[in-house]
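In what follows, a structure is listed as structure tokens, so that the remarks can point back to it.
The values are calculated or read from the model by the stated rules, or taken from the named source; none is laboratory data. Being a predicted model, the structure only gives us computed values, none of them experimental. Neighbour counts are summed over all protein chains in view; Cβ atoms, including those assigned to glycine, are modelled from backbone coordinates with ideal geometry. What goes into the accessible areas is simple: the full protein's heavy atoms, side chains included, and nothing from ligands, DNA or RNA. Shrake-Rupley method; radii C 1.70, N 1.55, O 1.52, S 1.80 Å.
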Amino acid sequence: MLPYFTEFYGNASAIHSLGAAAREAVECARESVADALNASPEEIVFTSGGTESDNAALRGAAASRAKVGRHLLTTAIEHHAVLETMEALAHRHGFELEIIPVDCEGRVDPEDVGKRIRPDTTLASVMHANNEIGVIQPIAEIGAICRERGVLFHTDAVQTAGKIPIDVRAMNLDLVSISAHKLYGPKGIGALYVRRGVRIERYQDGGEQERGRRGGTINVPGVVGLGKAISIAQAEMESEGARLQSLRDYLMDSLQSRIDGARIIGSRQHRLPMNAHLCIEGVQGEPVLLALDGAGICASAGSACTAGSTDPSHVLKALGIDRDLARGALRLTLGKSTSADALSYTVDVLADAVRDLRKMGAATH
Ligand code: PLP
């Protein structure tokens, strides 16, 4: 990215040679993103991240097909970037929204999606994998049903791009959102795949950048960072996925055997290799997080975007987890720098913290 902040600082839309150098780098990154999704470069639109991609896809597609129908489908466990956008379309723009439930493992049943499609259904959005519990959805099956029934299909692949395979053609995807900072790229840059032939109404007026689909000067260093990060992630996907999965399984097994009342949430089989999510009976998430942070371990109670909220996560509610148990939610995400030693240290720290917090809880009751 660095040269594109300094010597090649041209605007990618400019005619002069500095602009051409920036443009070349942007187009090279576009090819890397397209390759990672088995798409064509002209099907990739650069955005400011996952939230913008989700908004662009859903608002743009709903508006472009509003004359055909106004019935929209999404699931109960989507990220707020999808849920809030869908709710805004329903409450402020006259669309009808139907929420698809998940089972107790956090999975959507493709047949259920099929049953909810009506003649006026124009758009369905089902996330590829969930950001809290890491559960992977049967996207190819849902995509096949939507394609057959003439419904546009969007998936939020922010959690999966560069981590597990995505093939927009084999999965019958029309619109896909990705974000660079989830795959070791920079923050504030992402992309939207728009299948050739799918029209989305312009959601941001301005210049003719991105073939008129997204007005605004392109963030060249960000785009270069996304392109490089996704190429590296693709190349390492298989080996890193296998390494993280075996570490994660060790972590989940150790936590369950060391901590009474630690419940793993979500499907074990259909799960991102780096995600561990558990609810611990009899403790609150926040003091556990503070204890972990004090020991140098960065963890989360669920989604970073809802931190600070005292309500249990909508994802856990959708799985039928009761309120008390949901308060003890803990998400541990592994990554490139996670070692086996770091995990056994984490298990020790967490087991001690839970024991101490339970003792304190018992003493104050
Ligand atoms: N969708 C999912 C599933 C996410 O996990 C996130 C971020 O956490 C987003 C969308 C939003 O992406 P961004 O932070 O790039 O706007």
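Miscellaneous remarks
- Top of F95, F46, F153 by mean-square fluctuation, Gaussian network on the chain, Cα under 10 Å: F95
- Considering only T338, T51, T85, the Gaussian network model of the chain with Cα springs below 10 Å gives its largest mean-square fluctuation to T338.
- Once C-alpha pairs closer than 8 Å and six or more residues apart are averaged by separation and normalised to the residue number of the range 237-364, the relative contact order reads 33 percent.
- The chain - percent of accessible surface contributed by carbon and sulfur, probe 1.4 Å: 52
- Helix 80-93 and the longest principal axis of the Cα set of the chain meet at an angle near 60°.
- Anisotropy class assigned to the range 2-232 is prolate, per the alpha carbon gyration tensor with a/c at or over the 1.5 cut-off and a/b larger than b/c.
- R0 of 22 Å, Cβ-Cβ distance R169-T217: FRET efficiency to nearest 0.05: 0.10
- Each peptide among 324-330, 193-199 gets the average number of other Cβ atoms lying within 10 Å of its residues, and from highest to lowest they stand as 324-330, 193-199.
- Cα long-axis angle, helix 50-64 against the chain (0 to 90 degrees, to the nearest 10): 50
- Modelled FRET efficiency - R0 41 Å, D205 with R263, Cβ distances, 0.05 increments: 0.25
- The chain, relative contact order [Cα under 8 Å, separation at least 6], %: 19
- Order of exposure, largest accessible area first, which applies to E78, E42, E281 with probe 1.4 Å: E281, E42, E78
- Between 0 and 90 degrees, the angle of helix 17-37 with respect to the longest Cα principal axis of the chain falls at about 50 degrees.
- FRET E, pair D356, A140, Förster distance 45 Å, beta-carbon r, rounded to 0.05: 0.45
- Here is how the number arises for the chain: DSSP H runs of 4 or more residues each give -39500 (n - 2.57), the sum is divided by the residue count, and the result at 222 nm is -13500 deg cm²/dmol.
- Length added when fully stretched, A90-D103, from 0.36 nm per residue minus Cα-Cα: 2.2 nm
- Each peptide in 101-107, 137-143 receives the mean, over its residues, of other Cβ atoms within 10 Å, and ordering these scores from highest gives 137-143, 101-107.
- When the charge dipole of the chain is built from unit charges on Cβ atoms (+1 for Lys and Arg, -1 for Asp and Glu) and taken about the Cα centre, the candidate among G328, N38, P119 whose Cα reaches farthest toward its positive end is P119.
- Among 160-170, 349-359, the order from most to least packed when residues are scored by Cβ within 10 Å on average: 160-170, 349-359
- Comparing Cα centroids, the range 334-365 and the range 183-245 end up 37 angstrom apart.
- 18 Å Cα-Cα reach of K182 towards lysines, excluding residues that sit fewer than 8 places from it in its own chain: K163, K228, K336
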